[in-house]
Amino acid sequence: MSEFKPVRFVDVALEGQFWRERLETVLTRTIPSQHVQLGKQGVLLSLTLPNQSLPLSVPGNEHDSGQVFWDSDAGKWIEAASYALSHRRDPDIEAWIENIVDDLEKAQAPDGYLNCWYLQREPDKRWTNLRDNHELYNLGHLLEGGIAYFLATGRRRLLDILERYVDHVCKTFGPNPGQKRGYCGHQEIELALVKLYRLTGDRMHLDLAAYFMNERGRQPHYFDQEAVARGEHPRDFRAKRYEYNQSHRPVREQTKVVGHAVRAMYMLSAMADLAAELNDDSLKKACEVLWADVISSKIYITSGLGPAAANEGFTEDHDLPNDTAYAETCASVGLIFWAHRMLHLELDGRYADVLEQALFNGALTGLSRDGERYFYSNPLESDGRRSRWAWHSCPCCTMNSSRLIASIGGYFVSASENAIAFHLYGGVSTNIQLATGNVFLRETSAYPFFGSIRIEVSPDAPAEFTINLRIPGWAHEAEASVGGCAVDVTACTRNGYLAISRLWNAGDTIALELPISPERIYAHPSVKQDIGRVALKRGPLVYCVEEVDNPGGAVQQLKLPRDARIETVERGDLFDGVVTLTASPERIEDQEWGDSLYRNAPPIVSGCRLTALPYYLWNNRAKGSMQVWLLES
């Protein structure tokens, strides 16, 4: 197991333009507008008990309603807002959170139970449908919010409320007589309990997380028993198979990532957490097997996960359709959680490569430039009818986007007693305490658009330690120097990290050059949707073509010759400055086709100019067609 631990986001200052702009947008626009939406949609009112039962957000069977997990939406917003407070205190945000805490405190049952759906609508049925109704999932997100709020402000009231709820859960679930041997149908509580353990040091919290993980998939199956107790037949489960929630077999026996993508990512993140805390090699090995399955056959080039809307998740190996891709934003965020945890089990660049890929392409796409519109699913092709929404009946992705960006600094740097590791670049500064003393570091770059990176290293006193710099898998022929003296990158790089060990003095400077140039990417031939197609990538960024930049018809009519030169263009006038790609493709014309559906002559092909921009920026301007995978001629 690695000895590295992440440097907390509150100890990392974002100084580069790219992340500073995204963070400021989230702080000033996203979080306040989300609070407005939570009020407008009735989520905040649902926490105020007793009240007149709100109408169901989805007609029909009441447990198909998103209201069952509204508590979690409040919890995720509190977490994101608390991360914002860690950057900059705001009395309005703190007052909004305190109002929610007031409502939760009043709603809590004497025995500690706190789920506003059940307390309001059916208090006699609590803990009777763990498979479908998200009680423990809701607690998990509330608990993560409570921990974040305490760390940001020092206020314990919300955390105390939720610790009483956790105490109730500890008494309710377990292998002992009189306890329920259940676990949640939607994994999340395990992540929160590990965070609580790290905060409190109370082993009970870690043991409960381990219990939930170890119990999952055990026979006889708890969800079968629970359904029978409710008077239902297990076969009436709407998802039909327990692969949907990854409870089809014990977690250590699972070799394929299946089912609902977000549930899978949360579970795998918690497995990695528990492997680290318990030094459990069997959980680590299971994570490695499942990681290999995802990377080899189930991940989009954008790091989207889950092609199917029917189960919001996985289907078969190499099934990666573009126009119907589900690729939920939450799943990419979950993949970032998992990759980050795997990176701290073993310092290996393959995990950081995926973390970066998911961050810049899968997760950032979910939030608009103005910070107030969202994507739930992220297709790699659109006919122009797809657009961002201001809110959603299931708003999980909204707060997942904001809580990720508000805490992004925590993904850049890690440290052990005698070493520092940079995983991401983009302009940050931090102070890190090593065994030899304090070290100030400032990384300066215009990453991800440019690969010239400078790192100032200033220990309080001269000291020997190691600085590890990630060399991304796409960065061929990287160069590095310290104080102008070249470093042998090839000889000093292991598992994707360049290790520089020396006596460091205040003012020492590392120069790292990561050559960033356009490249063509091809999919495995088993991905039938991408046969004969090519995608464009530059550094960590996947590119797409939008009709707004390529007028003249749907972008699906463009064909890029294999020998076409791809050039970069710096666009200071676009989205505060981006690098676009240009090329000379062919356009398949349809103007002269007439009314015939078929004919025995091919269409006319004309020359044109193509402009591609980073995928995460698509659908921020005029509506129109979009495509990542282009026909190649």
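The values are calculated or read from the model by the stated rules, or taken from the named source; none is laboratory data. Just so we're clear, the structure is a prediction, and the values are computed from it rather than from any experiment. Glycine gets a Cβ as well: all are built from the backbone with ideal geometry, and neighbour counts include every protein chain shown.
Go through the range 526-581 and tell me which strands (runs of 3 or more DSSP E), entirely inside it, have 3 or more residues that are on the phi < 0 side of the Ramachandran plot and in contact with a helix residue (DSSP H, G or I) (Cβ under 8 Å, 6 or more places away or on another chain).
Details: elements: 533-538, 541-546, 558-560, 567-571.
Fully inside the range 526-581 and qualifying: 541-546.
Within the bounds of the range 85-94, is there any residue that is surrounded by fewer than 16 Cβ atoms within 10 Å (Cβ to Cβ), under 24 Å from Gln179 (Cβ atoms) and either at pLDDT 95 or above or within 24 Å of the chain's Cα centre (by Cα) (or both)?
Among the residues of the range 85-94, not one is surrounded by fewer than 16 Cβ atoms within 10 Å (Cβ to Cβ), under 24 Å from Gln179 (Cβ atoms) and either at pLDDT 95 or above or within 24 Å of the chain's Cα centre (by Cα) (or both), which makes the answer no.
Regarding the range 226-239, can at least one residue be identified that is part of a loop (DSSP other than H, G, I, E, B), at pLDDT 95 or above, within 30 Å of Leu85 (Cβ to Cβ) and not assigned by TED's automatic domain parsing to the domain that holds Pro307?
Looking through the range 226-239, none of the residues is part of a loop (DSSP other than H, G, I, E, B), at pLDDT 95 or above, within 30 Å of Leu85 (Cβ to Cβ) and not assigned by TED's automatic domain parsing to the domain that holds Pro307.
Within the range 463-496, track down each residue that is touching a residue at least 12 places away in the same chain (Cβ under 8 Å), in contact with a Leu (Cβ under 6 Å, 6 or more places away or on another chain) and not acidic (Asp, Glu).
Phe465, Leu469, Ile471, Ala475, Ala478, Ala480, Val489
Any idea which of Leu159, Leu114, Leu139, Leu143 is buried (at least 20 other Cβ atoms within 10 Å of the Cβ), part of a loop (DSSP other than H, G, I, E, B) and at pLDDT 95 or above? Don't jump to the end; show me each part of the working.
Details: Leu159 fails: part of a loop (DSSP other than H, G, I, E, B); Leu139 fails: part of a loop (DSSP other than H, G, I, E, B); Leu143 fails: part of a loop (DSSP other than H, G, I, E, B).
The conditions single out Leu114.
Right, Val251: more than 19 Å from His340 (Cα to Cα) and β-branched (Val, Ile, Thr) or not?
Considered against the rule, which asks whether it is more than 19 Å from His340 (Cα to Cα) and β-branched (Val, Ile, Thr), Val251 comes out as yes.
Just to verify a result, which residue in the range 339-371, among those that are within 25 Å of Ser282 (Cα to Cα) and in contact with a Cys (Cβ under 8 Å, 6 or more places away or on another chain), is surrounded by the most Cβ atoms within 10 Å (Cβ to Cβ)?
Met342
Looking only at the range 296-318, decide whether some residue is under 17 Å from Leu335 (Cα atoms), over 16 Å from the mean Cα position of the chain (by Cα) and assigned to a helix (DSSP H, G or I).
Yes; the residues of the range 296-318 include at least one that is under 17 Å from Leu335 (Cα atoms), over 16 Å from the mean Cα position of the chain (by Cα) and assigned to a helix (DSSP H, G or I).
Report the residue count in the range 459-504 for those that are exposed (fewer than 12 other Cβ atoms within 10 Å of the Cβ) and touching a Pro at 6+ places or on another chain (Cβ under 7 Å).
3
Give the residue that is surrounded by the fewest Cβ atoms within 10 Å (Cβ to Cβ), with candidates limited to residues of the range 194-222 that are touching a His at 6+ places or on another chain (Cβ under 7 Å) and in a helix (DSSP H, G or I).
Of everything passing the filter in the range 194-222, Tyr197 is surrounded by the fewest Cβ atoms within 10 Å (Cβ to Cβ).
So, in the range 591-632, how many residues would count as being within 19 Å of Ala535 (Cβ to Cβ) and among the hydroxyl-bearing types (Ser, Thr, Tyr)?
So the count comes out to 4.
Considering only the range 487-498, state which residues are under 12 Å from Leu512 (Cα atoms), part of a strand (DSSP E or B) and out of contact with any Asp or Glu (no Cβ under 9 Å at 6 or more places or on another chain).
Result: Leu498, single match.
If only one of Ser401, Ser416, Ser387 is under 27 Å from Ser481 (Cβ atoms), among the small types (Gly, Ala, Ser) and touching a residue at least 24 places away in the same chain (Cβ under 8 Å), which one is it?
Exactly one residue qualifies, and that residue is Ser416.
Just need a number here: residues in the range 419-458 that are among the charged types (D, E, K, R) and either buried (at least 22 other Cβ atoms within 10 Å of the Cβ) or without any contact (Cβ under 8 Å) to a residue 24 or more places away in the chain (or both).
Residues meeting the conditions: 1.
Within the range 361-380, can one find any residue that is touching a Lys or Arg at 6+ places or on another chain (Cβ under 9 Å) and among the acidic types (Asp, Glu)?
yes
From the list Leu574, Leu541, Leu581, pick out the single residue that is hydrophobic (A, V, I, L, M, F, W, C), without any contact (Cβ under 8 Å) to a residue 60 or more places away in the chain and closer than 20 Å to Arg369 by Cβ. Lay out the reasoning, then the answer.
Values: Leu541 fails: without any contact (Cβ under 8 Å) to a residue 60 or more places away in the chain; Leu581 fails: without any contact (Cβ under 8 Å) to a residue 60 or more places away in the chain.
Exactly one residue qualifies, and that residue is Leu574.
Is it the case that Gln179 is among the polar types (S, T, N, Q) and surrounded by 20 or more Cβ atoms within 10 Å (Cβ to Cβ)?
no
Scan the range 588-607 and tell me whether some residue there is in contact (Cβ under 8 Å) with a residue 12 or more places away in the chain and over 16 Å from Gly553 (Cα atoms).
There is no residue in the range 588-607 that is in contact (Cβ under 8 Å) with a residue 12 or more places away in the chain and over 16 Å from Gly553 (Cα atoms).
Could you please find all residues in the range 284-300 being under 15 Å from Gly362 (Cα atoms) and either touching an Asp or Glu at 6+ places or on another chain (Cβ under 9 Å) or of a type in the set (Lys, Arg) (or both)?
Lys298
Is there a residue in the range 589-610 that is touching a strand residue (DSSP E or B) at 6+ places or on another chain (Cβ under 7 Å), surrounded by fewer than 21 Cβ atoms within 10 Å (Cβ to Cβ), among the charged types (D, E, K, R) and outside any loop (DSSP other than H, G, I, E, B)?
No: zero hits.
Could you say which residue among Ile531, Ile471, Ile500 is among the hydrophobic types (A, V, I, L, M, F, W, C), in the same structural domain as Thr582 (by TED's automatic domain parsing) and at pLDDT 95 or above?
Testing whether each residue is among the hydrophobic types (A, V, I, L, M, F, W, C), in the same structural domain as Thr582 (by TED's automatic domain parsing) and at pLDDT 95 or above leaves just Ile531.
Can you spot a residue in the range 257-277 that is surrounded by fewer than 22 Cβ atoms within 10 Å (Cβ to Cβ) and of a type in the set (A, V, I, L, M)? Explain how you work it out, then say what you get.
Filtering the range 257-277 down to residues surrounded by fewer than 22 Cβ atoms within 10 Å (Cβ to Cβ) leaves 276-277.
Narrowing further to those that are of a type in the set (A, V, I, L, M): 276.
Within the range 257-277 (the criterion being surrounded by fewer than 22 Cβ atoms within 10 Å (Cβ to Cβ) and of a type in the set (A, V, I, L, M)), the answer is yes, since at least one residue qualifies.
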